[in-house]
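Asker: Structure below; questions to follow.
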Amino acid sequence: MTDYIYNSRGSAVGFIRGKYIHDMHGSAIGQIRGTHVHKLSGSYVGELHKDMVLNKHMGNYGNIGNPGNPGNAGNPGNPGNRGSVNYGYPDVFDDLLK
């Protein structure tokens, strides 16, 4: 089963495979430590909350370093739009792409 990550508009924008976050094309773009989400380069982005990456204003958990590239996980397919959701915090998934 694939764990998808959605944006605030309800579109699937990525998925989790192991400790890595991949875009919908399978390229690794981030890493997860507990609920903390970091870019692949190691810098902190936000928190994994349910199925979104959000800025919960918890401070900066620093840089955990680059673990190397786990490679391309392939295209998992698109689950479709699950509907708009607002958990009360800004969606920061796009920061993983910068």
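The values are calculated or read from the model by the stated rules, or taken from the named source; none is laboratory data. As the structure is a prediction and not an experimental result, all values here were calculated from the model. Positions of Cβ are backbone-derived with ideal geometry, glycine not excepted, and every protein chain shown enters the neighbour counts. Accessible surface areas use protein heavy atoms only, side chains included; no ligands, DNA or RNA. Shrake-Rupley method; radii C 1.70, N 1.55, O 1.52, S 1.80 Å.
Asker: Non-local amide H neighbours of residue 29 (under 5 Å, H modeled in plane, Pro and chain starts lacking H): which ones?
Answerer: Those qualifying (amide H under 5 Å, at least 5 residues apart or on another chain) are 21, 22, 23.
Asker: Would you please give the residues with an amide H less than 5 Å from that of residue 49, counting only those at least 5 places away or on a separate chain, with H modeled from the backbone geometry?
Answerer: When sequence neighbours closer than 5 places are left aside, the close amide H contacts are 54.
Asker: When Lys and Arg each count +1 and Asp and Glu each count -1, what net charge do the other residues less than 13 Å away from residue 28, Cβ to Cβ, add up to?
Answerer: Values: positive: 17, 19, 39; negative: 23.
Once positives and negatives cancel, what remains is +2.
Asker: May I pose another question? Just to check I understand the Karplus step: with θ = phi - 60° and J = 6.51 cos²θ - 1.76 cosθ + 1.60, what whole-Hz values come out for the stretch 72-79, glycine and proline as x?
Answerer: Karplus values, whole Hz, x for Gly and Pro: 8, 8, x, 8, x, x, 10, x.
Asker: Could you run the Karplus curve 6.51 cos²θ - 1.76 cosθ + 1.60 with θ = phi - 60° over the stretch 2-18 and give me ³J(HN,Hα) per residue in whole Hz, x for Gly and Pro?
Answerer: Whole-Hz 3J(HN,Hα) from phi for the stretch 2-18: 8, 8, 8, 10, 10, 8, 5, 7, x, 7, 5, 10, x, 8, 9, 9, x.
Asker: Let me ask another. Note down the Stokes-Einstein diffusion coefficient of the chain in µm²/s, whole number, using a Kirkwood radius over alpha carbon pairs, 25 °C, and 0.890 mPa s. Intermediate results must be reported in sequence, preceding the final value.
Answerer: Working: Rh = 13.3 Å.
Estimated diffusion coefficient is 184 µm²/s.
Asker: Summarise the accessible area of the chain (1.4 Å probe, protein heavy atoms) by the percent that is carbon and sulfur.
Answerer: On the chain, the fraction of accessible area on carbon and sulfur atoms equals 47 percent.
Asker: For residue 81 and residue 3, compute 0.36 nm times the residue count separating them, minus their Cα-Cα distance, and round to one decimal in nm. Display every interim value, and only then the final one.
Answerer: On the way: separation 78, 0.36 × 78 = 28.08 nm, distance 1.42 nm.
26.7 nm is the gain from fully extending residue 81 to residue 3.
Asker: Show me, for the stretch 29-45, the HN-Hα J-couplings you get by feeding each phi into the Karplus relation (A = 6.51, B = -1.76, C = 1.60, θ = phi - 60°), rounded to Hz, glycine and proline as x.
Answerer: 10, x, 9, 10, 10, x, 9, 7, 10, 10, 4, 4, 6, x, 6, 5, 10
Asker: Test of the criteria: in the stretch 1-78, which trypsin sites (Lys or Arg not before Pro) are in a DSSP loop and have at most 16 other Cβ atoms within 10 angstrom of their Cβ?
Answerer: On the way: sites: 9, 17, 19, 33, 39, 50, 56; in loops: 9, 19, 50, 56.
Of the trypsin sites (Lys or Arg not before Pro), the ones in loops of the stretch 1-78 whose Cβ has at most 16 other Cβ atoms within 10 Å are 9, 19, 50, 56.
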